[in-house]
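For reference, the structure is listed below as structure tokens.
The values are calculated or read from the model by the stated rules, or taken from the named source; none is laboratory data. Please read all numbers here as calculations on a predicted model, not as lab measurements. Cβ atoms come from the backbone with ideal geometry, glycine included; neighbour counts cover every protein chain shown. Remember, those area values only see protein heavy atoms, side chains included, never the ligands or the DNA or RNA. Shrake-Rupley method; radii C 1.70, N 1.55, O 1.52, S 1.80 Å.
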Amino acid sequence: MRLTLRQLQVFRAVCETRSYSRAAEEMALTQPAVSQQIRQLEELLDQPLFEYVGKKLYLTDAAEALRRAGADIFGRLESLDMQLSDLRGSLQGQLSLTVESSAEYFVPHLFAAFRQQHPEVGLQLTVTSHAQALRRLGVSRDELMILSQVPTGMNLEFNPFLTNHIVAVAPAGHPLCQHERLGLQELTAWPLLVREPGSGTRQACEAFCHDKRAHFAQTLQLGSQEAQRAGVLAGLGLALLPRHAVSSELASGRLRELPVSELPLQHSWCVVHPRDRRLSPVALSFLEFIRNNRAQINALNLSL
């Protein structure tokens, strides 16, 4: 077969973007050039690769097979490049890491600690929602992910490495701040600021409140932890947030952690990858770093 790496790169871009025009932008090509590359691939394979249903682009069975083969080819080439750099005496390459948005506060510190040991490693960081992360897992787009809740029913390898403490926060001066001890039920008289549907933190908090029979009569949906934090500071309501996400506001006194007897809610951040995925030397080194430095990582989280 006369497939070229360039054709596979263009094909991968169309698969990821589900759009010829967006793939053209990503590859710095014209849309006709992308269309031509795809046509040439279809002629070589004697199979259609994409089909439109309405205005949406879908992959055919042949495209799915080619996508998996292309991912294996690019993965092997990247692994070869990293192995060659390892033979030269230093770990080089790029760590491809996708994380839930709730983890974006500590991941740069985590990578900085890893990079102290491997200064020539770069980072490609994708921040997404929990729901989007699960969709990406379904098509094996990423080497490693950091998730708060690992889905069942998927062939995944996961390593818990960091405890996530979710606490209730209020603005300084809020009436609840005067209490030395509170029950979760006592918070329900106040508006609760929540994330968008599909957020891992929101799912965990909703399940927890349901289990504790704490039903908030009024909720305000905000699209990010930044917006939640700003909303609490503005006096819009209370929020259940990872302690590390509001550490500076708690330290300065602008926000207060409410003394709720049922909190903090604790679960573990996990680094996740498909069990049958062939990992690059950089990804393997990052996994080894996490396994060997859990105490250091948790201490780093507490100091943020």
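Remarks
- Filtered residues of the stretch 8-65 (kept if assigned to a loop (DSSP other than H, G, I, E, B) and either farther than 23 Å from Arg135 by Cβ or polar (S, T, N, Q) (or both)): Ser19, Ala28, Leu29, Thr30, Asp46, Gln47, Pro48, Thr60
- Scanning the stretch 205-237 for residues that are under 26 Å from Cys270 (Cα atoms) and touching a Ser or Thr at 6+ places or on another chain (Cβ under 7 Å) returns Ser224, Gln225.
- For the stretch 256-279, the count of residues that are among the small types (Gly, Ala, Ser) and in contact with an Asp or Glu (Cβ under 6 Å, 6 or more places away or on another chain) is zero.
- Where Ala189 falls short, out of the listed (1) modelled with pLDDT under 90; (2) open to solvent by 40 Å² or more (accessible area, probe 1.4 Å); (3) on the phi < 0 side of the Ramachandran plot: (1)
- One residue stands out among those in the stretch 175-184 that are part of a loop (DSSP other than H, G, I, E, B) and of a type outside the set (D, E, K, R): the one that is most open to solvent (accessible area, probe 1.4 Å), which is His179.
- Of all residues making up the stretch 51-78, the number that are open to solvent by 60 Å² or more (accessible area, probe 1.4 Å) and either at pLDDT below 70 or acidic (Asp, Glu) (or both): 4
- When Ala133, Ala172 are screened for being at pLDDT 85 or above, aliphatic (A, V, I, L, M) and either within 15 Å of the chain's Cα centre (by Cα) or open to solvent by less than 70 Å² (accessible area, probe 1.4 Å) (or both), only Ala172 passes.
- Subset tally (residues that are within 17 Å of Glu42 (Cβ to Cβ) and among the β-branched types (Val, Ile, Thr)) for the stretch 3-31: 3
- Matching residues in the stretch 142-165 - criterion: being in contact with an Asp or Glu (Cβ under 8 Å, 6 or more places away or on another chain) and surrounded by fewer than 18 Cβ atoms within 10 Å (Cβ to Cβ): Asn155
- Filter result for Phe111 (open to solvent by less than 60 Å² (accessible area, probe 1.4 Å), without any contact (Cβ under 8 Å) to a residue 24 or more places away in the chain and under 18 Å from Asn292 (Cα atoms)): yes
- Each residue in the stretch 79-117 was checked for being more than 18 Å from Ser268 (Cβ to Cβ), in contact with a strand residue (DSSP E or B) (Cβ under 9 Å, 6 or more places away or on another chain) and modelled with pLDDT of 80 or more, and 7 of them qualify.
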